[in-house]
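Read-outs: derived from the displayed coordinates by stated rules, not from any lab. Keep in mind that what you see is a predicted model, and the values were worked out from it rather than measured. Neighbour counts run over all protein chains shown; Cβ positions are idealised from the backbone, glycine included.
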Amino acid sequence: MFIGAIGCEPLQLRRVHLERSRTLDVYRRNGGYEAIKKVLETMSPDDVISEVKKSGLRGRGGAGFPTGMKWGFVPKDAPKAKYVVCNADESEPGTFKDRYLLERDPHMLIEGMLIAAYALGARHNYIYTRGEYKYLIDIMDVALDEARAAGLLGEKILGTDFACDIYTHTGAGAYICGEETALLSSLEGFRGHPRMKPPFPAVSGLYASPTVVNNVETLTAVPDIIKMGGEAYQKLGTEKSGGTKLWSVSGHVNRPGVYELPMGYDDMEKFIMSDCGGIANGKQLKAVIPGGSSVYIMRADQIIGKDVRMDYEGLVAAGSSVGSGGFIVMDESVDVFESTRNLTEFYKHESCGWCTPCREGTDWLVKIFKRIDGGSGRPEDARLLLDICDNIEGKSFCPLGDAASWPIQSAVKRFPEDFEKHLSGNGRHES
Amino acid sequence: MAEVLVKIQPPDHPVHMPEPAVFSAAVEAEIDKHIAKYPIKRSAILPLMFIVQRERGYLDAPGVQYLANRLELRVTDIWEVATFYSMIQTKPVGKYHIQICKTLSCKIMGEGKITKHVCNKLGIKPGETTPDGKFTLSLVECLGSCGTAPMFQLNFAYHENLTPEKVDQILDELP
């Protein structure tokens, strides 16, 4: 599997190929912990937030919310403790970038969290990692112990008055806990149900205290932003999408992997057909889901010859979105009815059951897919799927319902032939 | 309404409450370390459930009783959380739990072939355990190994880029 940068100098992937890259020693010898030193010696918390705002960094977990603005929402005069929580619950189908950041460069995350904690005045902070990534929690624990022993965590960090600690926490196999308020419920020891917003976590999050929840990739971008300055970081990308972005690429390409690209990389066709080695086994490209399973599926003819720019605006203009940056590439052998059914089963399994539209809706969607697959599909079933999606989208308690609707809505509209084939009884899947 | 509530009496038959599980001093120290991370004990519920599972094979009733006592919660609080999370096992599982990822990237890269092979090899279907209790097979949702599909997780270890031959090698080498 390929891990590296294309079209720019590697930033977040700078150290991943070094020997013993996860050790404090190698991290320090390659520019590590210089940013927190700079912050503690020369910057106020407001300076840090302002630099992050200038960087144009947007949340890399999927929602793309401007990070600096999120940090700015935390009230400065709140008497309660404040928390920085790292969302390492990476469970979006097609996404595996955070895994390699944690595995190969855990100190980069610690440094990013230290800077965030300094900016927000947070003393105790948590890394919420999905339970399946247990080996990564073990790696993080070793790195945290190393940092603690070196005086980078605890009291009087680098000889200043700054005190901060970071702890690992484990999830236990629930996709919904990647949603920030569900994550906080889970971290408090409850079922992972999302919470009503407002109040937003920045005002009332973990233990009803001001909390910032950021994705691994977001927090690991922060040390470089501090070192090079927000403006320089922003200029690596485009005006509205600053910096670089990691893309996880899977499916029918010759070279799957984690790719770091400058935001605004030109273009998506070149990326798939050349950088990722093209489609495997000499087949034709049929479809791409570019942002993890929860975004619109794209037809090959929306990509080939269309100069799709790879950033937030470019992908929206092309009819999808960046999401978590999980590219699932599908060749002509894939039946989009089947692939959509597969994802719908995923959402049904992962719906937390809290709200009716999502709990019942995803269940009905799966039942209809099963009926069609069983040969009893009715001509109006494609419309029925869309109708149910319409009753979930925008009406569920949290974005999981929207995420379950979008793959179906886009697949039915963009690949009607694959649905019609099944509805007319010719697509019976033999497995 | 209040009167009715007051009238509710404890059941006249004995309610079976299992004795809480007992752990070694080393495990107790490990548990203390987890609880110390949080301002509220309840936050340690998931890490502690994994420890109970590791020590007892799964989260059984004595384990639940132990957690309730340790975290100063009700037994129902523990069950409520345990039944939400797919990685918390409330029934016995085999010594080796094979969890094959079935989500899209693995699906299109040959998950079906791997599942069929494991089923044939072990003589069980997904969701079942071999009669000797050695293997449990499950199909699970995305494990974040899409670029190295197809894959399964064997207990906590990731095995990626699987082929039937590789599966044979992995399973045959297990003690």
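Observations, loosely collected:
- Sparse packing (at most 15 other Cβ atoms within 10 Å of the Cβ) combined with a DSSP loop state is found for the following GluC sites (Glu not before Pro) in the stretch A:344-431: A:Glu380, A:Glu430.
- Inter-chain Cβ neighbour count for B:80-88, averaged per residue, equals 6 (cutoff 10 Å, partner chain atoms only).
- Candidates A:Asn281, A:Asn214, A:Asn391: whichever shows maximal mean-square fluctuation once chain A is modelled as a Gaussian network with Cα springs under 10 Å: A:Asn281
- The aspartates and glutamates within cross-link reach of A:Lys76, meaning a Cα-to-Cα straight distance under 20 Å and a gap of 8 or more places when in the same chain, are A:Asp46, A:Asp47, A:Glu51, A:Asp161, A:Asp165.
- Hull-based mean projected area of the stretch A:264-331, where the convex hull spans the alpha carbons, in square nanometres: 3.9 nm²
- Computed on the Cα atoms alone, the convex hull of the stretch B:16-82 gives a volume of 75 cubic angstrom per residue.
- Of all the options A:Thr42, A:Thr238, A:Thr23, the one that moves most in a Gaussian network model of chain A with Cα springs shorter than 10 angstrom is A:Thr42.
- Relative exposure of A:Tyr83, A:Tyr100, judged by other C-beta atoms within 10 Å (fewest first): A:Tyr100, A:Tyr83
- Contact order, relative form, for chain A: 17 percent (alpha carbon pairs under 8 Å, 6 or more residues apart, mean separation divided by residue count).
- Set A:Lys37/A:Lys97; A:Lys395/B:Lys107; A:Lys54/A:Lys240 screened for pairs whose C-alpha atoms are more than 22 Å apart: A:Lys37/A:Lys97; A:Lys395/B:Lys107
- Inter-label distance, nm, simple model (7 Å from Cα along the C-beta direction), A:Met1/B:Asn155: 2.2 nm
- Of all DSSP beta bridges in the protein assembly as shown, antiparallel share, percent nearest 5: 45 percent
- Estimated FRET transfer efficiency when R0 is 25 angstrom, pair B:Thr76-B:Lys33 (beta carbons, to 0.05): 0.40
- Of the trypsin sites (Lys or Arg not before Pro) in the stretch A:359-431, the ones in a loop by DSSP (not H, G, I, E or B) with at most 14 other beta carbons within 10 Å are A:Arg428.
- Dipole axis of the stretch A:298-367 (+1 Lys, Arg; -1 Asp, Glu on Cβ), positive-most option in A:Phe346, A:Val334, A:Ile304: A:Phe346
- Cα gyration tensor shape for the stretch A:27-184, rounded if a/c is under 1.5, else prolate or oblate: oblate
- Remark: mean inter-chain Cβ contacts per residue of A:205-217 equal 1, using a 10 Å Cβ-Cβ cutoff to other protein chain atoms.
- Paramagnetic reach from A:Lys240 (point 7 Å along Cα→Cβ, amide N under 18 Å) across the stretch A:323-366: A:323-325
- Average partner coverage of A:181-191, which counts Cβ from other chains inside 10 Å: 4
- If you take all other residues with their beta carbon under 14 Å from the beta carbon of A:Met268, and give Lys and Arg +1 and Asp and Glu -1, the sum is -3.
- Net dipole in debye of chain B [+1 Lys, Arg Cβ; -1 Asp, Glu Cβ; about Cα centre; nearest 20]: 340 debye
- Normalised contact order of the stretch B:33-175, rounded percent, pairs of Cα under 8 Å and 6 or more residues apart: 20 percent
- Chain A - mean residue ellipticity at 222 nm from DSSP helices (-39,500 (n - 2.57) per run, n ≥ 4, rounded to 500): -12000 deg cm²/dmol
- Neighbour-count ranking [beta-carbon atoms within 10 angstrom, fewest first] of B:Leu73, B:Leu143: B:Leu73, B:Leu143
- Between B:Asp132 and A:Glu417, the distance separating the two model label sites (each 7 Å from Cα on the Cα→Cβ line) works out to 5.2 nm.
- Kyte-Doolittle mean at least 1.0 and Cα axial length at least 20 Å: DSSP H helices in chain A: A:106-120
- Spin-label model, A:Lys76/A:Tyr207: points 7 Å from Cα along the beta carbon direction are separated by 2.4 nm.
- Note on chain B: GNM, Cα springs under 10 Å; of B:Pro150, B:Pro126, B:Pro14, the largest mean-square fluctuation is that of B:Pro14.
- Per-residue Cβ neighbour rank within 10 angstrom, fewest leading, A:Thr129, A:Thr220, B:Thr129, B:Thr163: B:Thr163, B:Thr129, A:Thr129, A:Thr220
- Calculated FRET efficiency, A:Asn30 to A:Arg123, Cβ-Cβ distance, R0 = 35 Å: about 0.75 to the nearest 0.05.
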